[in-house]
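The values are calculated or read from the model by the stated rules, or taken from the named source; none is laboratory data. The shown structure was predicted, so the numbers you read here are calculated from the model rather than taken from an experiment. Here the Cβ positions follow ideal geometry from the backbone for every residue, glycine too, while neighbour counts run over all protein chains shown.
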Amino acid sequence: MKPISIEKRQLIVLAKERKEKSEDIAKLLGVSLPVIKLIWRLYKQTGSVEPKKNKGRTSSLTPEIETAIHNKVET
């Protein structure tokens with residue numbers, strides 16, 4: 001899923017600071033209510049509207065297994 005633009009995130013925060021209803025903001029900006037709540041909560045926690053970095057899936061391979069695979073491929 002594509003992250004919501006910084007501009008739209010800033011508009012959400014500005015509207016929430018003006019005490020506008022989340023439902024109204026969601027309709028106006030074309031986003032879901034959970035997204036409004038998530039962005040507002042993250043803004044209150046971090047003070048930023050930047051999206052979180054996606055860390056991706058962690059590898060299930062241990063360093064030992066990775067080394068063994070590399071050794072097999074090189075030979």
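Quick notes on this one:
- Within the stretch 42-56, residues that are surrounded by 10 or more Cβ atoms within 10 Å (Cβ to Cβ) reach partners that are modelled with pLDDT under 85 with beta carbons closer than 8 Å, at six or more positions or on different chains, in the pairs L42/K52; P51/P3.
- Residue, farthest from R9 (Cα to Cα), within the stretch 29-75, restricted to residues that are assigned to a loop (DSSP other than H, G, I, E, B) and of a type in the set (A, V, I, L, M): L61
- Breaking point among (1) exposed (fewer than 14 other Cβ atoms within 10 Å of the Cβ); (2) within 17 Å of the chain's Cα centre (by Cα), for I4: (1)
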